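The values are calculated or read from the model by the stated rules, or taken from the named source; none is laboratory data. Since the structure is predicted, the reported quantities are computational estimates derived from the model, not experimental observations. Because the Cβ atoms are built from the backbone with ideal geometry, glycine has one as well, and the counts that use them run over all protein chains shown. Ligands, DNA and RNA are excluded from the accessible area calculation, which covers all protein heavy atoms including side chains. Shrake-Rupley method; radii C 1.70, N 1.55, O 1.52, S 1.80 Å.
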Amino acid sequence: MTISAVQTALVRVQAAMARGHARVTGTALGPHQTAVVRIGFSFTWLLFLLREWPHRRELYGPDGPWSWDMARQLIDGNRAFTALMWSDSGLWFETVYALALVSALLLLLGWRTRTMSVLFMLGVLSLQNRSIFLGDGGDNLIHLMSLYLVLTRCGQVWSLDARRAARRPDGQEPPRDTTGIVLWTVLGLALAWVQLFTDAGLSPIADGPLPGLGWATILWGLWLIQGGWWLARRYAPGEPRTVLDMLANLAHNGALVVIMGEVCLLYASAGWYKVQGSRWQDGTALYYPLHLDYFSPWPSLADALASSGTLVMLLTYGTVIVQVAFPFTLLNRRAKNAMLVLLMLEHIGIAVALGLPFFSLAAIAADAVFLPTAFLLWTVRKATRARDRLAARTVRLPRQRAGEHDERPDDEKPAPTLTG
Amino acid sequence: MAETEPDEPDDEAAERLAALSLPSQLIVAVAVAAVAVAAALHLGMAFLSVAPPNTISKRHGAAMDDYTYPEFERNWKLFAPNPLQQDIAIQARAEIRTPDGGLATTGWTNISAQDGAAIHHNPLPSHTQQNELRRAWEFYLGSHDAQERPNGTRGSLSEHYIRRIVMLRLGPETDGGTVQRVQVRSATTQLAAPPWSDEKTDTKTYYRTLPWWTTTAADLPEGARR
C-alpha cells in the first residue's frame, strides 16, 4: 500500500467517526422502535397486574405464603430494591400495587414518559423483588427492560407527550408546564419523605443496581436532571439546552444498543445451550414441554401438534437454528425480518400451547426493537384508519375526528433508525 | 443497516456540534466515550453472566456477581440444554385433631393436581397456579441436601414457605379436624418418550417424602385463617 492510500483510508475513517459522533449525539435513534418497546412492556406488565388483581395479596401481600418477614430475611442478604419492604402494612402494599398499575398505564399512553418510566421501573422492581420465587423468564425480561427504558427517550412518537409537543407551534417558547412542576414537586417531596421517615435506608453508594451507585444517588439524580432540563429549556435555550439534548440522545442511544444486545444474547445463549441438549439433538425436545402438567392448558392441541414426529423434529431443529442464527441475521435486513417473523410466530405458539402468555408478550415486545420503521408506520396507519372508520360508523362526529388528523403527518416523518 | 437513511439530519447534527464552544464540545466528547465504555462493559457483563464458567469469569467471579446481582440477573432457562421431561407433583397430608380429641392422619392431597386443574383450558394462567408451588419446590431442592438437611437461612425459609403454601391449600381445618402436623412429598414421574420413538422410559412414580412438620400460627398465611 502506498502512503497516499493509507492517507485516504485514514481520512475516510476520520469522516466516518465524525459522522457517527454527529449521529449518536444529534438524534435519538429508533424513535418508533423504542416507542413500541415502551408500549409492549408497559402493556404486558399492565395486563399481568390486572390479571393477578384477585391474587395480588397471595403473590406480593405482607401476609401471603411468602410473608413480609420471610422476604425481609432474604432481602437482607441480596439487597434488592423493593418499596414493599419499607412498611409491612396492607395499605402500603395496596398503594404500591395501585401505583404500579397506574404508572404502567401512563407509560403505555406516554403521559410524562420520562417520569413514568422511572415509576414503572420502581413498580416492577418493588413487586418482583418482593417475591423472587414467583417469576419466570417473562418477569425477568420485564425486570431488565424496565431498567433500560428509563434511559431511552421512548416517548418521541405515539405518546401523549409527542401529541402535546406537536400541538405547540414551532419556535414558540416552551410553556411553563404547571402539571410538570406539580408532578416534579410531589415526587421530590415523596422521595424526601421516603428518605427521612421510612425504613427504606436508600444509600447513595451502596445496594444500588450498579456497584458504587446507590438508589439515593439514582433517584435524586434523575429528579435533579428533570429539574435541570426544565430550567435549561425555559431559561437557557442556546448552548446549555443543545448540550443537554445531546447528552440525552447519547444516553438513549447507549441504552438502545444495550437493549438490542440483550435481546441478541437472550436468543444466542438459549440456542447455544440447546445445541448441547440430547433432546434438541434427537429432534423430540418440543414434545416434552407440551405434555408437562404445568404447561399444557390445551392437551388436545398439544396432542395434535405432537402427533407427527416429523413436525416435532422440524420445529425442534427450526427453533435451535433460528435462535443461534438470529444475531448474525442482523447483518442482512431481509434475513433479519424473516427471522423476526419466525420468532414472533413461535412466541405466539408458546403463549397458547404452553400457557405462557405473559412470557410470550414480553419476548415479542423485546423482539419489536428490531422491527423495520416502514412496517411499524404501516401498522399504525392501518390501525388509525380502522379506528377512524369504526369511530365514524358508531358516533357521527366528523368535526371532532377531523381535528385528530393533524397528528398524522408528524407520524409519517422519516425517522432515523438503527434497524432499517 | 443505516446506509439508506438520508444524510441531511447527520449534516445538521454535525453543524450543531461544530457550533458549540470548546468546553461544550469536550463535555459531549467525554460523554460519548463514557457511554460507549458503559454500554460495552454492560454487554460484556451480560455475556459473561450467561456464558458457561470460563477463564475470565473464574478469575473475576466476585466482581461479576457484584455487577450482576441483584438487579441484572438473567434466569432464562428456556428449556435448555434439555426441556424438563418429568412431572413433579407436590402432595401433602395432615395429622389432625378430631373433635372427639383423637388424632387421625388424612390421605395425600395432590396440590399440584389442583394447579393443573386450574391451568386446564385457561388462556391466562396465574402465577399462583403455574409458578408458586413449582418454584417453591425448586427453592426447597436448591437449599437442602439429600438427607433433607437445610443449608442455612435459605433452607429454613424454603421449608417455611412450603408449609405456608400447603396450609393455604389444605386450610387449618381438614377432614373435620384441626391440622397439627403436615407431611409433604414429591411424586416424580418421567414423561414417556414420544410414540414414534423406540426409547424405553421408566414411567414409574418415585416419591421423596419429607419429615413431618409441626404447624404453628406462623404457618398460616392470609386466606388460610378464616
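Structure notes:
- Residue A:282 vs. criteria within 10 Å of chain B (Cβ to nearest Cβ), charged (D, E, K, R) and within 29 Å of the chain's Cα centre (by Cα): no
- Total residues in the range B:96-118, condition surrounded by fewer than 12 Cβ atoms within 10 Å (Cβ to Cβ) and either under 18 Å from residue B:211 (Cα atoms) or in contact (Cβ under 8 Å) with a residue 40 or more places away in the chain (or both): 3
- Contact map, the range A:182-209: residues that are away from chain B (no Cβ under 14 Å) and among the acidic types (Asp, Glu) paired with residues that are open to solvent by less than 60 Å² (accessible area, probe 1.4 Å) and assigned to a helix (DSSP H, G or I), Cβ distance under 7 Å, separation 6+ or inter-chain. Pairs shown: A:199/A:86.
- Of all the numbered requirements in (1) open to solvent by less than 40 Å² (accessible area, probe 1.4 Å); (2) over 20 Å from residue A:33 (Cα atoms), residue A:330 misses one, and that requirement is (2).
- Residue B:90 vs. criteria more than 7 Å from chain A (Cβ to nearest Cβ), under 25 Å from residue B:162 (Cβ atoms) and not hydroxyl-bearing (Ser, Thr, Tyr): yes
- Condition met for residue A:155 (closer than 29 Å to residue B:133 by Cβ and either over 11 Å from the mean Cα position of the chain (by Cα) or crowded, with 24+ Cβ neighbours inside 10 Å (or both)): no
- Residue that is nearest to residue A:209 (Cα to Cα) [pool: residues in the range B:20-68 that are open to solvent by less than 80 Å² (accessible area, probe 1.4 Å) and either touching a Phe, Trp or Tyr at 6+ places or on another chain (Cβ under 6 Å) or not in a helix (DSSP H, G or I) (or both)]: B:45
- Helices (runs of 4 or more DSSP H) (entirely within the range A:257-366) containing at least 1 residues that are touching a residue at least 60 places away in the same chain (Cβ under 8 Å) and either more than 29 Å from residue B:112 (Cα to Cα) or in contact with a helix residue (DSSP H, G or I) (Cβ under 6 Å, 6 or more places away or on another chain) (or both): A:309-329, A:333-353
- Elements of the type helices (runs of 4 or more DSSP H) sitting completely within the range A:1-67 and holding at least 3 residues that are of a type in the set (S, T, N, Q) and touching a residue at least 60 places away in the same chain (Cβ under 8 Å): these cover A:31-51.
- Selection status of residue B:189, closer than 24 Å to residue A:136 by Cα, in contact with an Asp or Glu (Cβ under 9 Å, 6 or more places away or on another chain) and open to solvent by 30 Å² or more (accessible area, probe 1.4 Å): yes
- Residues in the range A:181-188 include none that are open to solvent by less than 10 Å² (accessible area, probe 1.4 Å), under 12 Å from the mean Cα position of the chain (by Cα), at pLDDT 95 or above and not charged (D, E, K, R).
- Of the residues making up the range A:101-128, those that are over 15 Å from the mean Cα position of the chain (by Cα) and open to solvent by less than 10 Å² (accessible area, probe 1.4 Å) are A:126, A:127.
- Members of the range A:138-174 that are touching a Lys or Arg at 6+ places or on another chain (Cβ under 6 Å) and at pLDDT below 95: A:174
- The condition of being at pLDDT 85 or above and open to solvent by 30 Å² or more (accessible area, probe 1.4 Å) holds for residue A:392.
- Contact map, the range A:137-151: residues that are farther than 13 Å from residue A:126 by Cα paired with residues that are open to solvent by 20 Å² or more (accessible area, probe 1.4 Å) and hydroxyl-bearing (Ser, Thr, Tyr), Cβ distance under 6 Å, separation 6+ or inter-chain. No pairs are found.
- Any hit, the range B:154-168, residues being more than 21 Å from residue B:118 (Cβ to Cβ), in contact with a helix residue (DSSP H, G or I) (Cβ under 7 Å, 6 or more places away or on another chain) and outside any helix (DSSP H, G or I): no
- Filter pass, residue A:147 being within 8 Å of chain B (Cβ to nearest Cβ) and within 23 Å of residue A:244 (Cα to Cα): yes
- Of the residues B:135, B:181, the single one that is closer than 28 Å to residue B:83 by Cβ and open to solvent by 30 Å² or more (accessible area, probe 1.4 Å) is B:135.
- For residue A:237, the criteria (1) more than 9 Å from chain B (Cβ to nearest Cβ); (2) in a helix (DSSP H, G or I) hold in every case but one, which is (2).
- The residue of the range A:15-25 that is nearest to residue B:25 (Cα to Cα), among those that are within 7 Å of chain B (Cβ to nearest Cβ) and open to solvent by 10 Å² or more (accessible area, probe 1.4 Å), is A:21.
- Tabulated pairs, the range B:119-130, first at the interface with chain A (Cβ under 7 Å from one of its Cβ atoms), second of a type in the set (A, V, I, L, M), C-beta under 7 angstrom, 6+ apart or interchain: B:125/B:119; B:127/A:59; B:127/A:134; B:128/A:59; B:130/B:119
- Residues located in the range A:222-250, provided they are in contact with a Leu (Cβ under 9 Å, 6 or more places away or on another chain) and not aliphatic (A, V, I, L, M): A:223, A:226, A:228, A:229, A:233, A:239, A:240, A:242, A:249
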